[in-house]
Amino acid sequence: MTTVVQLSDLHLGRPDPEGRAARAVAGVRSLDPAPDVVVVTGDLADHGDPAAYAGAAALLAGLDALHVPGNHDDRVAMAAAVGPVGDRLHRVGGSTVVLLDTLVPGAPHGALSEGAVALLTEAVRDPAPLLVALHHPPVALGHPVLDGIRLRDPGPLEMLLAARSDPTLVVCGHVHTPLATTFAGHPLVVAPSVAPALRWPDVPGAGDSDPVPAPGGVLHVLGDGPPRSRFLNWPV
């Protein structure tokens, strides 16, 4: 059995008067037993500022977190502070974690590289439980703005995963809202954000931001039957 904690959309570098990021990371550190791996699915920084990544490295020190960049990130500055961020594969606890870099510099939407498709082509042949992590959702989720800046051309990803019958879980961020659906016949889980949530059209209030939901994350379990996910939150 493999346990994976997912954090997403910390947006370090923007004002955080309530200490949302520190609260979330402290919550991860308090889990007992500790997860086998921590995955951060993008937008670690708000503006790609090297100082924000230095702060992230200090905040996450000792967790050995795996990162993929989001549309707010700077790939070079992020990698310099927290380590590899490109397409890669990580094996832990009998499971496989594939990390896909969907960042398109200067654009809010995401895209897969040829290298990402090649990496996943190899990974799906392994019957071990598989978690695929990326920042941008590969399907529309019902938000009038975010649906326009999701992953472009998810066809190759969908084709590879649809042909796989072994346990598979796809996880992403970008939406700042906990959501669950399916993609290519497998569960797709969108993590809540550490930074304030986005306001959805049916939520009363003014502005695009909704600071009411607590910073959150997800605990995923692989290798003990079908993948399962439990949403976490750490009130401020």
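We did not get these values from a lab; they are worked out from the coordinates using the rules stated. The model shown is predicted, which means the values in this text are computed figures rather than measured ones. Neighbour counts are summed over all protein chains in view; Cβ atoms, including those assigned to glycine, are modelled from backbone coordinates with ideal geometry.
For the chain, report the convex hull volume of the alpha-carbon atoms normalised per residue, in Å³, without decimals.
Per residue, the Cα convex hull of the chain comes to 114 Å³.
Build a GNM of the chain with springs between Cα atoms under 10 Å: which of Arg75, Arg164, Arg20 gets the top mean-square fluctuation?
Its mean-square fluctuation being the largest, the pick is Arg164.
Considering only the chain, what is the antiparallel percent among its DSSP beta bridges, to the nearest 5?
On the way: 24 of 45 bridges.
Approximately 55 percent, going by the DSSP bridge assignments.
Order of 206-213, 60-67 by packing, highest average Cβ count within 10 Å first? Spell out each step's value before the answer.
Numbers: 206-213: 12.1, 60-67: 17.0.
Ranked by mean Cβ neighbours within 10 Å, highest first: 60-67, 206-213.
Given only helices, namely DSSP H runs of n ≥ 4 each adding -39500 (n - 2.57), what is the per-residue ellipticity at 222 nm of the chain, to the nearest 500 deg cm²/dmol? Spell out each step's value before the answer.
Working: 5 runs with 46 residues, N = 236.
Estimated from H runs of four or more residues: -5500 deg cm²/dmol.
Any chance you could list the semi-axes, whole Å, largest first, of the equivalent ellipsoid that the Cα gyration tensor gives for segment 136-236, using √(5λ)?
26, 18, 8
Obtain the nm distance between the two label points defined at Asn233 and Met159 by a simple spin-label model: each point lies 7 Å from its Cα along the Cα-to-C-beta direction.
4.1 nm
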